[in-house]
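> Before anything else, here's the structure in question.
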Amino acid sequence: MSVAEIAVTTQYLTFKLGEEVYAVDISKVREVLDFTSVTKVPRTPEFMRGVINLRGSVVPVVDLRLKFGMSKTAKTVNTCIIIMEVRVDNETTILGALADSVQEVIDLESEHIEPAPRIGTKLKTEFITGMGKQNDKFLIILDIDKIFSTEELSLVQEGRAEAGEAVL
């Protein structure tokens, strides 16, 4: 078997937003938390639900459903916060992303991933790494570093700084 024939396998954490299954590279995920109370920070974008205290650190929590143009995430027994590392402009930010539920960690070979769909120029899909296929179902593989613009992340970081002492 030649090196070219070896399939690259990557692990992904899968989660649901509505009826759709999304996946993010497991190397970006620090941990998954049960939903906890979130402190709202004034003058932040709607998708930023607030901040939480994570072992003494202020961590911003974003609602991916709102970011993707869906309805606000409703709290259920399955609602969770995925703590991730997001890297933009050579700076790493830790943030929590609300998900309706976390599914599982899966191994996905590169041959089971198709490129992100190109649907005209008005629909932005650059934050989608590809479409994974698992058991005859598609899952949307996200590039978490491209979901938020530099400006949005700076607003998130400002919100974290404003909330700093109030949460601790």
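The values are calculated or read from the model by the stated rules, or taken from the named source; none is laboratory data. All values derive from a computational prediction rather than experimental measurement. Here Cβ is always computed from backbone atoms with ideal geometry, including for glycine, and neighbour counts include all displayed protein chains.
> Residue 94 is checked against (1) closer than 13 Å to residue 147 by Cβ; (2) part of a strand (DSSP E or B) and fails just one. What number does that condition carry?
Single failed check for residue 94: (1).
> Taking the stated definitions as given, is residue 49 under 17 Å from the mean Cα position of the chain (by Cα), over 27 Å from residue 137 (Cβ atoms) and either at pLDDT below 95 or not hydrophobic (A, V, I, L, M, F, W, C) (or both)?
When the stated conditions are applied, residue 49 passes them.
> Has the range 70-81 got at least one residue that is part of a loop (DSSP other than H, G, I, E, B), over 19 Å from residue 116 (Cβ atoms) and in contact with a Cys (Cβ under 9 Å, 6 or more places away or on another chain)?
Taking every residue of the range 70-81 in turn, none turns out to be part of a loop (DSSP other than H, G, I, E, B), over 19 Å from residue 116 (Cβ atoms) and in contact with a Cys (Cβ under 9 Å, 6 or more places away or on another chain).
> In the range 80-87, is there at least one residue being exposed (fewer than 14 other Cβ atoms within 10 Å of the Cβ), under 17 Å from the mean Cα position of the chain (by Cα), of a type in the set (A, V, I, L, M, F, W, C) and under 21 Å from residue 145 (Cβ atoms)?
no
> Give the number of residues within the range 37-54 that are part of a loop (DSSP other than H, G, I, E, B) and farther than 11 Å from residue 96 by Cα.
Adding up the residues that qualify gives 9.
> I'd like the residue in the range 44-72 that is of a type in the set (Gly, Ala, Ser) and out of contact with any Ser or Thr (no Cβ under 7 Å at 6 or more places or on another chain) and, out of all such residues, is surrounded by the most Cβ atoms within 10 Å (Cβ to Cβ).
Filtering the range 44-72 for residues that are of a type in the set (Gly, Ala, Ser) and out of contact with any Ser or Thr (no Cβ under 7 Å at 6 or more places or on another chain), the one surrounded by the most Cβ atoms within 10 Å (Cβ to Cβ) comes out as 57.
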